[in-house]
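Notes follow the structure.
The values are calculated or read from the model by the stated rules, or taken from the named source; none is laboratory data. Note that the coordinates shown come from a computational prediction; the quantities given were computed from them, not determined experimentally. Please note: Cβ atoms are built from the backbone with ideal geometry, for glycine as well, and neighbour counts cover all protein chains shown. These area figures cover heavy atoms from the full protein model, side chains too; ligands, DNA and RNA do not enter into them. Shrake-Rupley method; radii C 1.70, N 1.55, O 1.52, S 1.80 Å.
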Amino acid sequence: MVFSSIIGQVKAKKLLTRAMAADRLAHGYLFTGPDGVGKTSFGLALAAGLLCEQKSAEKPCGHCAGCLQFASGNHPDFLRICPDGAAIKIDQIRGLKKAVSFSPFGSGVRVVLIEDVQTMRREAGNSLLKILEEPPPDNVLLLIASESEPVLPTILSRCQIIPFSPLSDDQAVQVVEKLHPDLNREDARSLALLAGGCPGQVAALRDEAMLQLRTDCIQAITAVPEEPARQIELALDLAGRMAELQENLDMLFDLLAIFFKDQIVAQLSPVQGAEVSPGAAQRERWNLQHLSDKILAVDAARNELARNCNRGLVCEVLLLELVA
Ligand SMILES: [Zn+2]
């Protein structure tokens, strides 16, 4: 199975598996979809499968010459082009044009993976178009484009377009756990949800101080209530740390809102034998109204910060409300 390492993206897998089985791959594919959804990983898995020299259906086999060369990053029939600075330049495409004019070194195909195709300006795009219009035999071009900018329409018209969509929550968590084995389950899940089903974005979202503060806040929120004075002290301490978070404070608000929404879902659809999440005891004491009030408190804090209210004060009011 070429795509056994890929979680989700069933449509794309089916389409390409069928094309490979029938030996009817197109010359050019364009993978589109949001950043971090897994387009490049998918392209690499496809390239590995195409460059495996094993004849059996189990590709990539992982031990033939093709697989070993690919794994070492030195396969002569695999070309990878990334933006040089902000964009893919005309010289890069000229170099590619020359490279694909020769037959592949091995007996199979040459795979060309071009990332961030949307950064290409007209000149480079026109040069690539010439390759796509008269594709040299035994070359497969995998173009990867983010949705951040439109791709030149002439390029679009010459490729088979494969759309990628955000993963389901469970799939995203699985990928995040694979990519970040050091994260605990709660953090992996929070970040997967925060990344909106695009696990590749998690690396940029990781902020250990913010994650620790999230854990501490949730611990305080779900703890058995202590005497009021001690509880206020704890809330103010957390609020102080929260106010010091710079641009990631919004992200912490998102994570807290996700936590309370999860509690609502758990109350509405209790699953028998589900693993006990943090706050299982506290959940008994909360009703839906409490939970919805807490989400509203997080939203209110977010709005107040957007209106430039005093940061420290906003965090204090929020924490006192949440641990109450
Ligand atoms: Zn192999």
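Could we say that Gly73 is farther than 23 Å from Arg24 by Cβ and either open to solvent by 40 Å² or more (accessible area, probe 1.4 Å) or β-branched (Val, Ile, Thr) (or both) here?
Judged against the criteria, Gly73 is a match.
What's the number of the only condition in (1) open to solvent by 40 Å² or more (accessible area, probe 1.4 Å); (2) within 13 Å of the ligand (Cβ to nearest atom); (3) in contact with a Leu (Cβ under 9 Å, 6 or more places away or on another chain) that Met20 fails to meet?
(2)
Out of curiosity, is Ala47 modelled with pLDDT under 95 and either of a type in the set (A, V, I, L, M) or under 30 Å from Val202 (Cβ atoms) (or both)?
So Ala47 fails the test.
Considering only the stretch 181-192, how many residues are open to solvent by less than 40 Å² (accessible area, probe 1.4 Å) and either closer than 12 Å to Ile258 by Cα or touching a strand residue (DSSP E or B) at 6+ places or on another chain (Cβ under 9 Å) (or both)?
Result for the stretch 181-192: 4.
Inside the stretch 67-95, can you point out the residues that are farther than 19 Å from Asn139 by Cα and either part of a loop (DSSP other than H, G, I, E, B) or within 10 Å of the ligand (Cβ to nearest atom) (or both)?
Scanning the stretch 67-95 gives Leu68, Ala71, Ser72, Pro83, Gly85, Ala86, Ile88, Lys89.
Say whether the condition of being under 20 Å from Leu193 (Cβ atoms), open to solvent by less than 20 Å² (accessible area, probe 1.4 Å) and modelled with pLDDT under 85 is met by at least one residue in the stretch 270-279.
Looking for residues that are under 20 Å from Leu193 (Cβ atoms), open to solvent by less than 20 Å² (accessible area, probe 1.4 Å) and modelled with pLDDT under 85, one finds at least one in the stretch 270-279, hence yes.
I want to confirm something. Restricting to the stretch 42-66 and keeping residues that are within 10 Å of the ligand (Cβ to nearest atom) and touching a residue at least 24 places away in the same chain (Cβ under 8 Å), which single residue is farthest from Asp23 (Cα to Cα)?
Across the stretch 42-66, the extreme among qualifying residues is Gly66.
For residues that are of a type in the set (Ser, Thr, Tyr) and part of a helix (DSSP H, G or I), tally how many sit in the stretch 40-66.
Final tally of qualifying residues: 2.
State whether one or more residues within the stretch 154-168 are out of contact with any Leu (no Cβ under 8 Å at 6 or more places or on another chain), outside the structural domain of Leu30 (by TED's automatic domain parsing) and in a helix (DSSP H, G or I).
Within the stretch 154-168, none of the residues are out of contact with any Leu (no Cβ under 8 Å at 6 or more places or on another chain), outside the structural domain of Leu30 (by TED's automatic domain parsing) and in a helix (DSSP H, G or I).
Hey, could you check the stretch 23-38 for residues that are farther than 23 Å from Gly197 by Cα and in a loop (DSSP other than H, G, I, E, B) and say which is least open to solvent (accessible area, probe 1.4 Å)?
Ala26
Quick check on my filter: what residues within the stretch 216-275 are polar (S, T, N, Q) and without any contact (Cβ under 8 Å) to a residue 12 or more places away in the chain?
Within the stretch 216-275, Gln246, Ser269, Gln272 qualify.
How many residues does the stretch 232-269 hold that are at pLDDT below 90, within 22 Å of Ala209 (Cα to Cα) and open to solvent by less than 60 Å² (accessible area, probe 1.4 Å)?
Result for the stretch 232-269: 2.
A quick yes/no check of all residues on (1) more than 20 Å from Thr40 (Cβ to Cβ); (2) touching a strand residue (DSSP E or B) at 6+ places or on another chain (Cβ under 6 Å):
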site	(1), (2)
Ile162	no, yes
Leu167	no, no
Val176	no, no
Ala195	no, no
Ala203	no, no
Met210	yes, no
Thr215	yes, no
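Can you tell me which residues in the stretch 176-200 are part of a helix (DSSP H, G or I) and of a type in the set (Gly, Ala, Ser)?
Once the filter is applied, which keeps residues that are part of a helix (DSSP H, G or I) and of a type in the set (Gly, Ala, Ser), the stretch 176-200 yields Ala188, Ser190, Ala192, Gly200.
Do we find that Gln212 is assigned to a helix (DSSP H, G or I), on the phi < 0 side of the Ramachandran plot, polar (S, T, N, Q) and touching a residue at least 40 places away in the same chain (Cβ under 8 Å) in this structure?
No.
Taking the condition of being assigned to a loop (DSSP other than H, G, I, E, B), in contact with an Asp or Glu (Cβ under 7 Å, 6 or more places away or on another chain) and open to solvent by less than 30 Å² (accessible area, probe 1.4 Å), how many residues in the stretch 96-129 meet it?
Residues in the stretch 96-129 being assigned to a loop (DSSP other than H, G, I, E, B), in contact with an Asp or Glu (Cβ under 7 Å, 6 or more places away or on another chain) and open to solvent by less than 30 Å² (accessible area, probe 1.4 Å): 1 in total.
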